[in-house]
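Working notes, structure below.
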Amino acid sequence: MNINQNIIKYLLKNPAESERDILSAKRKFCKLYDIAGAPTNAELLAEYNKQKINNPALHQLLRKRRVRTLSGIAPIAVLTKPYPCPGKCAYCPNEKAIPKSYLANEPAVMRAILCKFDPYKQVQLRLRALANNGHETDKLELIVMGGTWSYLPESYQIWYLKECFRAANDSPKNIKRRDAIYRVSKDKRDAINGISTQLKKEQKRNEAAQNRIIGLTLETRPDFIDEKELWKMRQYGCTRIEIGVQHLDNRILKLNQRGHDVATTINATKLMRQFGFKITYHMMLNLPGSTPAKDFKMMRDIFENPNYRPDQIKIYPTVVSKNSLLYRWYKQGKWKSYTTKQLVNLLIKIKSITPPWVRILRVIRDIPKESIIAGNKITNMRQIIKSEMEKKKIECQCTRCREVGRQEQFPISNFQFPKKLQITNYKIAKRKYRVSKGTEYFLSFESPDKKILYAFCRLFLPKLTMKQCNNKTIPPYNTALIRELHTYGQLAPIGQIGNIQHLGLGKKLLAQAESIAQKQNYDKLSIISGIGVRNYYRQLGYRLENTYMVKKI
């Protein structure tokens, strides 16, 4: 019996309550075996899986980076190859052989470089890393980064996503494959048609695969959003779009050479919502020409103006890196960064007015501080803000701060959940707000004090019929739209009851949405479903129609 077997056997007889107990066991057996280097958690997990042990508490303690799947999904971020960008933004770095606006030493970029930007290899690499760290990978959110997706050649887009789906479908099989190198065919139209058939084949496989892509995110610019582009994204299986809004002041946008105005953002937001997409804004603080007061007003408008009201936001305080126009401006004294105190106070004010249906994904960008010439270099900004808000007794209402796994009552290290939800006094909350060309309902299961969020549903009731590029009505006429249905808690494998997931909360929210839409005289309810969730909705009476899951109500 080797050291790993002995440690696992010991931990089964002497249940660990914390990571400290795991470390103590490692030290005990390292001393016994006279070994200098203790085995890693990944090595112990491999032994745990080899013995086919069923001990959820021990498995959870051995899991590394548990926050990765804390929100109920396993995120997989991949990067497209370097390609010319249509923008000339002053703040964007432009490194050779790196996608525009990215830096070679960013974690996601380093992984992409290691894989030579091959989508298949990138997805497989992330799946192996998650599995080795003890994470379930049944429900994947594929996030495609790399700049303006819509500017890439269509044949490359289709090939890229086909390879992503194929990688998810093949895993965890250790298969040998010939590298599917992307080449442009002489007859581009035939190439696209052929690859499109292959993409559809992989999408169909994914509906019942072990690792299902339940959400697909694509990044683009507001000025590339139109009905034709959105319909194409739906065929790809896209469910969420991230757009670089950056600011709501046309003078600031022009000064920074953004290349679009505020009206473009408003129109893009309207169209994305009418198609049912989840909407993420990228916003920049401290842009040249702005001030903390202007930035705060901008964020208030985003939250309160019906023309905007995105579902998620990423906040990127401006930083200076080499190979950018802003770097020259900074050297010339034309731009100055906010002080740490100014930035912290501004972010606190923004979080204090964030509506309960919005998720703040980021408060800074993940750029290594050695690449930052000027601007914020604090990497744990979110923790600093949280600490300051607690001192001032200010609470953030965003969905990330309220989700169940991040609460003190349900800390990440607490793994003693029973097979049903511990809380019995949760209540359904219904929030209604105006948006462009319609009304939104944010339906959720929350604690009575509304401080803990278990599950939610985004229901959009459009005023007007949506016309698509093929001049047909998609989704069907007189339909309400569910843009998102999500249950939080640690990711539970498909078919297994989890701590919060798979307890019926999603079905109850769906029933509420159907009831509201029916009372508002809508004939049908359409769901912008990820490819890997289609079978779930089929079991509830929905049928695939024009890429949406549709049901008469």
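The values are calculated or read from the model by the stated rules, or taken from the named source; none is laboratory data. This is a predicted model, so every value here is computed, not measured. Glycine also receives a Cβ, built like all others from the backbone with ideal geometry; neighbour counts cover every protein chain displayed.
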Residue check: is I394 touching a residue at least 24 places away in the same chain (Cβ under 8 Å), closer than 14 Å to L285 by Cβ and not in a helix (DSSP H, G or I)?
no
Within the set of pairs 6+ apart or on separate chains, which have a first residue in the range 421-432 that is at pLDDT 90 or above, a second that is of a type in the set (A, V, I, L, M), and C-beta atoms under 7 Å apart?
I428/L443; K430/L443
For the range 105-121, what are the residues that are at pLDDT below 90 and either under 19 Å from W149 (Cβ atoms) or among the hydrophobic types (A, V, I, L, M, F, W, C) (or both)?
E106, A108
Just give me the residues in the range 436-452 being of a type in the set (S, T, N, Q) and assigned to a strand (DSSP E or B), in sequence order.
T439, S444
Scan the range 114-150 for residues that are part of a helix (DSSP H, G or I) and over 23 Å from H282 (Cβ atoms) and report the count.
12
Just give me the residues in the range 518-549 being in a strand (DSSP E or B) and under 16 Å from E207 (Cβ atoms), in sequence order.
I527, R543, L544, E545, Y548, M549
If the requirement is being more than 26 Å from K139 (Cβ to Cβ) and at pLDDT 75 or above, which of these qualifies: P39, P75, P15?
P15
